[in-house]
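Report on the structure given below.
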2 protein chains.
Amino acid sequence: MRELKWSSTEKAVARRCFDRALQRELNEAIQSAKEMAAKIGHASELWELEHHLTELRKEIDRKYDYRYSRLLQVFSDLVQEGRLDLADLLGMSEDKLQYIRQHSEQSAA
Amino acid sequence: MRELKWSSTEKAVARRCFDRALQRELNEAIQSAKEMAAKIGHASELWELEHHLTELRKEIDRKYDYRYSRLLQVFSDLVQEGRLDLADLLGMSEDKLQYIRQHSEQSAA
């Protein structure tokens, strides 16, 4: 994976898909935090919210790793989670799409 | 401070004042978290909320230390912050009240 070349078009497609999926996930995180906060009635739920946010932040940091050596696996995971569609990635070379297709099916299995 | 004796009455007064101040501070923390969360429009504010909660939790843990060897200093700090009134502590021995009075004035100075 490290030796794959990325054309300018592919980089643009990758950046757009990555940013869009990340933004969508951040928006979901904001929404879930607002809902949790609105329901807090007891201090323990305050620290649950803190813990929830910490886990979310670590998970998002871990998942959204924009290094070309990692990007195909990132996209495979996003496709597997239903956060990205293979159709979104059109413009990438066939070998990259095939990697993502195969690995998103493997992780789902 | 470690050698002071605490009567049952003093322990009861201390426990009531401690719990009430802690509960009040937790309620304020819940309120501030709800207000921060409701205003979140951008992911950076989500992580600011996380950071705010972490700091709050550490500060509250640090401040509310119910060991008899620490309690007079805890009450001095609470009086200094306006979270507790000397009148709330009536029932405690004069030497304890005097310690709290002096130390709450010192920390305020």
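Just checking the listed ones, A:D61, A:D88, A:D19: in the Gaussian network model of chain A with Cα springs under 10 Å, the one fluctuating most is A:D61.
For the stretch B:60-109 and the stretch A:27-71, what is the centre-to-centre distance using only Cα atoms, to the nearest Å? If you average the Cα positions of each part, the centres end up 37 Å apart. Counting from the shortest, the label point at B:S69, 7 Å from Cα toward Cβ, is 5.1 nm from the same position in each remaining copy. B:A38 label point (Cα plus 7 Å toward Cβ) to equivalent points in the other copies: 1.1 nm, shortest first. Every pair of different Cα atoms in the stretch B:36-109 enters the Kirkwood calculation, which places the hydrodynamic radius at 14.4 Å. Label sites at B:Q102 and A:Q98, each approximated as a point 7 angstrom past Cα along Cα to Cβ, lie 8.4 nm apart.
Dipole check for chain B: with +1 at the C-beta of Lys and Arg, -1 at the C-beta of Asp and Glu, and the Cα centre as origin, the magnitude is about 440 Debye.
Nearest chain A C-beta to the A/B rotation axis, reported as residue and distance in angstrom, is A:A37, 2. Judged by the ratio a/c of the largest to the smallest principal axis of the C-alpha gyration tensor, the stretch A:66-109 counts as rounded, that ratio being less than 1.5. For chain B, relative contact order (Cα pairs under 8 Å, six or more residues apart, normalised by length) works out to 35 percent.
Dividing the summed -39500 (n - 2.57) terms of all DSSP H runs of n ≥ 4 by the residue count of chain A sets its mean residue ellipticity at 222 nm at -25500 deg cm²/dmol. The magnitude of the dipole of the protein assembly as shown, with charges of +1 and -1 set on the Cβ of Lys/Arg and Asp/Glu and taken from the Cα centre, is near 260 debye. Distances between copies of A:Q102, taken at a point 7 Å out from Cα along the Cα→Cβ vector and listed shortest first: 7.9 nm.
Using a 1.4 Å probe over protein heavy atoms, the accessible area lost on pairing A with B, summed over both chains, comes to approximately 1700 Å².
By the rule of a C-alpha distance below 23 Å, with chain neighbours fewer than 8 residues away ignored, the lysines paired with B:K34 are A:K34, A:K39, A:K58, B:K58, B:K63.
The mean accessible area for residues of the stretch A:1-106, using a 1.4 Å probe and ignoring ligands and nucleic acids, is 57 Å² per residue. GNM on chain B, alpha-carbon springs under 10 angstrom: the most fluctuating residue among B:R62, B:R20, B:R83 is B:R62.
Shown for the protein assembly as shown: the carbon plus sulfur share of the solvent-accessible area, taken with all protein chains present and a 1.4 angstrom probe, equals 48%. The simple Förster model, with R0 at 35 Å and r as the Cβ-Cβ distance, assigns A:E3 and A:A38 a FRET efficiency of 0.10. The convex hull defined by the C-alpha atoms of the stretch A:1-75 has an orientation-averaged projected area of 5.2 nm². For the residues B:L84, B:L53, B:L72, a GNM of chain B with alpha-carbon springs under 10 Å puts the largest fluctuation on B:L53. Working note: Cα atoms of the protein assembly as shown, range along each principal axis, descending, whole Å: 84, 37, 31.
The values are calculated or read from the model by the stated rules, or taken from the named source; none is laboratory data. What you are looking at is a predicted structure, and each value in this text was computed from that prediction instead of being measured. All Cβ positions, even for glycine, are placed from backbone atoms using ideal geometry, and neighbour counts span all protein chains on display. These accessible areas exclude ligands, DNA and RNA; they are computed on the full protein's heavy atoms, side chains included. Shrake-Rupley method; radii C 1.70, N 1.55, O 1.52, S 1.80 Å.
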